[in-house]
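Working notes for the structure below.
Read the figures in this text as sums done on the coordinates, not as results from a lab. Owing to the predicted nature of the structure, the values given are computational and were not obtained by experimental measurement. For neighbour counting, all protein chains shown are included, and Cβ atoms are generated from backbone atoms with ideal geometry for every residue, glycine included.
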Amino acid sequence: MLEVVKIKKMSNRTNNILEDYRQFGLQKTAIQETIRVMNKQLVDFQLPKIKNILVKLGIIENDTDFKCINCNISWKNKASLAAHIRNCKRC
Ligand SMILES: [Zn+2]
């Protein structure tokens, strides 16, 4: 009878550990998703009208113009440019 009680206690502890581990995984995934969404919002957080004025005045460079420095072809975004540079024949 004592062995049965011991096994039940061990089983309860194991279940508690597994539940904590499962909850940890769920919370970690939720935080990662929140960070991903917030990072996207931060990247999109711009001052486009002020930026255009500053670019036109030559005070800042237009970092949304993703041109290959080797062949001068413009790309839609940083990822497209990076993919192009890997295969740019003039690089
Ligand atoms: Zn190129």
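Once you keep just the Cα pairs under 8 angstrom separated by 6 or more residues, what percentage relative contact order results for segment 29-91?
So the answer I get is 18 percent.
Summing +1 for each Lys or Arg and -1 for each Asp or Glu, what net charge is found among the other residues whose Cβ lies under 14 Å from the Cβ of Leu26?
-1
Among the listed pairs Lys51/Lys78; Lys40/Lys78; Lys67/Lys89; Lys28/Lys76; Lys49/Lys76; Lys28/Lys78, which are separated by more than 21 Å between their Cα atoms?
Among Lys51/Lys78; Lys40/Lys78; Lys67/Lys89; Lys28/Lys76; Lys49/Lys76; Lys28/Lys78, the Cα-Cα distance tops 21 Å for Lys28/Lys76; Lys28/Lys78.
Would you grab the residues whose amide H sits under 5 Å from the one on Phe66? Only those 5+ places off in sequence or on another chain, please, with H modelled 1.01 Å from N.
Trp75
How are the C-alpha pair distances of the chain spread across 5 Å bins, as whole percents from the shortest bin up?
Going out from 0 Å in 5 Å bins, the chain shows 2, 11, 10, 10, 10, 10, 9, 6, 6, 5, 5, 4, 4, 4, 3, 2, 0, 0 percent.
What number, rounded to the nearest 500 deg cm²/dmol, is the helix-based mean residue ellipticity at 222 nm of the chain, given -39500 (n - 2.57) per DSSP H run of at least four residues and division by all its residues?
-23500 deg cm²/dmol
Return the tail of the calculated pair distribution for segment 1-45, meaning the percent of Cα-Cα pairs more than 17 Å apart.
So the pairs more than 17 Å apart make up 57 percent of the total in segment 1-45.
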